[in-house]
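The values are calculated or read from the model by the stated rules, or taken from the named source; none is laboratory data. Nothing here was measured: the structure is a model prediction, and the numbers come from that model. Here Cβ is always computed from backbone atoms with ideal geometry, including for glycine, and neighbour counts include all displayed protein chains. We work out accessible area using only protein heavy atoms, side chains counted, and drop any ligands, DNA or RNA first. Shrake-Rupley method; radii C 1.70, N 1.55, O 1.52, S 1.80 Å.
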Amino acid sequence: MVALSQERLVSSMRTPVRRSPPRTFDHVFRIASLGSALLVLIVLAGILGSMIYGGLPAFREFGFGFITSSVWDVQRDQYGAWVAVIGTLTTALVALVIGVPVSLGIAIFLTQLCPPWLKRPVATTIELLAAVPSIIYGMWGLFVFAPLFARFVQIPVSKLVEGIPIIGTILYASVPSGVGILTAGIILAVMIIPFVASITRDIFDQIPPVLRESAYGIGCTTWEVVRHVLLPQAGVSIIGAIMLGLGRALGETMAVTFVVGNANRLSASLFDPGSTIASRIANEFNEALGLQLNALMALGCILFLVTFIVLVAARLLIARVNAR
Amino acid sequence: MKLLSFAFAAGLTVASFSTAATAAEITGAGATFPFPIYAKWAEAYKKDTNNSLNYQSIGSSGGIRQIRAKTVDFGATDAPLKGEELEKDGFVQFPMVMGGVVAVYNVQGVPSGKLKLTGDILADIFNGKITKWNDARIAKTNEGVTLPEGTITPVYRSDGSGTTSVFTTYLSQVSEPWKSGPGAGASVQWPIGQGGKGNEGVAALVKQVPNAIGYVEYAYAKQNSIPFAQLQNKSGKFVAPEAKTFQAAAAGADWKSAPGYGISLTNQTGDEAWPITAPTFILVPKNPEKPEQVAEALKFFDWSFKNGDQMALELDYVPLPAQVKDAVRATWASDIKDKSGQLVFKK
């Protein structure tokens, strides 16, 4: 290949009548970009491969029971992922329930309602929020947010709902410490809002203004424009943005470890402590040996799988919406 | 034959290296608990000798992994290795400095040092058997102290740590149900309570949650003025955690009873002994591939034994008793040899 192109180069130098553009750069560029793309695949395959290899002893030892068992006893080398899986899904769900409406609100405000002079400061602030390291969120969550949350939310709410069926269980804090599944979900919501909000804002910005203007032209209110023009137009892309946020919420480690309460128990209340896959790994990886290390690797595999399933589900959803 | 001549050559190079007067850099990795004092010693040592120490506090099992992989000159661990493991890996193990673990609490109206607990009560609190501060058993050891009715919230370390290992070792020694239940180790299955990450996480939760009780390293509790409890020791006396009671625990112990000095100082006899005291250990290879590096490391440890006591006390660590230091020096001088059989450490 190289020889060929060199020959061509030489020949083109000899006959300077009609120079075809040199292809060498084209080739190099193509190979380089292909290499970059392949590199991602190789790294991903490498990580997945080594995780599976590392987790294999645990999967072999416990079989399918590894996922469904809720025991995590390092002293007796018994491991099960159930509590962590449920904790991961619950915290991520809480983050979405809180974070998505707020993000949509931010995006709609910025693109539809915001006076021009305020647009830039608000947008910049939101992007800055995305740049805050997660350990900062964790520390802030534990030292500042948790005490306030305990005092002004957990204690009053627990008093209010005590004795009511279902809600009295879900929102009752037996120990109002401020940390727990709900706190972790709220911190995660704050962390995903900047991502979801700025992508959604870009999506709204890309909708042809003529659609909006015609809607206003026939006398629609702002709400009607948002509800019947913007959201249907942006629909699928918003789901994409949400999935990106969900991906981050599922895998977030440091911030969650600080505020989730780190208990290996399933409890009915959102105020109670729990644990997530990522927090469990962060907590125990340093001092793990033998089967415990394998079990943590296996947890990593499961997190991989959960994230993968979520992304595939999002793709399918988008494909279905598109087909309609 | 080839191996022998190689060993001989290696010995020669070693001999020529150790005479070189360049500043050495010692590398070590492991336990996080002694990191502040190792760092302080290293700073003073560098001023004194121009040799420096690069210590990475990556956790005890990380330290064990690194020294097994021979990527560092020494490893450091809070939980001692057992005799057969030392034998298998060819390590020499010795204690370097001690510390204590204390029970910290947040009970309104009970200032630091006023709460008295027995090991048994402590274990039952963390096991979820005693749930209220005004429990009859707690009241019995705390006559004259008004304890509230509140529900006790135990707080534990969620990250695997030597502190948890020491604390649960103690609970296992004093409580049969604890031993057969959660057991002892760097992370155990806590039946109730909340987990905080690191000393700071536990301390934050204990401070925030009324009626909470947790455990942290003594130095951390003292420097952050978190109320801590008195504990009843094996001799039946209530003692407060302080340098004096930690040293009493070390003085009464039979250090030679376990290979590599790998004893636990928890639940020692002695009127003054603090029941949750623990040494932290160093691991070096018995027949090092780089004897000159190990020799440098031992020089640093020797220097720290000689000059480091005051620095340790300032940081609320507890120096080893003099006779233990001497025994450790004797171990270096007899057990660590290079490939040609030469002793690495010279007194």
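Listed by first and then second residue, the pairs linking a residue in region A:130-141 that is part of a helix (DSSP H, G or I) to a residue that is of a type in the set (G, A, S) and open to solvent by 70 Å² or more (accessible area, probe 1.4 Å), with Cβ atoms under 9 Å apart and 6 or more places separating them unless they lie on different chains, form an empty list. At least 2 residues being within 14 Å of chain B (Cβ to nearest Cβ) is the threshold, and among the helices (runs of 4 or more DSSP H) wholly inside region A:179-235 those reaching it are A:181-206. Where strands (runs of 3 or more DSSP E) fall entirely within region B:68-165, those with at least 2 residues that are in contact (Cβ under 8 Å) with a residue 60 or more places away in the chain and of a type outside the set (V, I, T) are at B:74-77, B:91-106. Within region B:133-171, the set of residues being within 10 Å of chain A (Cβ to nearest Cβ), buried (at least 19 other Cβ atoms within 10 Å of the Cβ) and polar (S, T, N, Q) comprises B:T153, B:S158, B:S161, B:T164, B:S165, B:T168. Residues that are surrounded by 15 or more Cβ atoms within 10 Å (Cβ to Cβ) and in contact with a Lys or Arg (Cβ under 9 Å, 6 or more places away or on another chain) within region A:70-87 comprise A:W72, A:A81, A:V83, A:A84, A:G87, listed in sequence order.
When region A:266-308 is filtered for residues that are within 13 Å of chain B (Cβ to nearest Cβ), out of contact with any helix residue (DSSP H, G or I) (no Cβ under 7 Å at 6 or more places or on another chain) and either free of Cβ contacts under 8 Å to residues at least 12 places away in the same chain or hydroxyl-bearing (S, T, Y) (or both), only A:S267 remains.
Quick check: is even one residue across region B:103-116 within 14 Å of chain A (Cβ to nearest Cβ), modelled with pLDDT of 90 or more and either within 27 Å of A:L293 (Cβ to Cβ) or open to solvent by 10 Å² or more (accessible area, probe 1.4 Å) (or both)? Checked against the condition, which is being within 14 Å of chain A (Cβ to nearest Cβ), modelled with pLDDT of 90 or more and either within 27 Å of A:L293 (Cβ to Cβ) or open to solvent by 10 Å² or more (accessible area, probe 1.4 Å) (or both), region B:103-116 yields at least one hit.
Inclusion of B:G75 among residues that are in contact with a strand residue (DSSP E or B) (Cβ under 8 Å, 6 or more places away or on another chain) and open to solvent by less than 10 Å² (accessible area, probe 1.4 Å) is warranted.
Applying the selection to region B:94-137, what residues are among the small types (G, A, S) and closer than 27 Å to B:P319 by Cα?
B:G99, B:G100, B:A103, B:S112, B:G113, B:G119
From the list A:A146, A:A150, A:A123, A:A131, the one residue that fits, being more than 25 Å from B:N199 (Cβ to Cβ) and surrounded by 15 or more Cβ atoms within 10 Å (Cβ to Cβ), is A:A123.
When the residues of region B:173-203 are filtered to those that are open to solvent by 10 Å² or more (accessible area, probe 1.4 Å) and part of a helix (DSSP H, G or I), the one that is nearest to the other protein chains (Cβ to nearest Cβ) is B:E200. Restricting the search to helices (runs of 4 or more DSSP H) fully inside region B:283-337 and requiring at least 3 residues that are touching a residue at least 40 places away in the same chain (Cβ under 8 Å) and either open to solvent by less than 60 Å² (accessible area, probe 1.4 Å) or in contact with a strand residue (DSSP E or B) (Cβ under 7 Å, 6 or more places away or on another chain) (or both) gives B:291-307, B:322-335.
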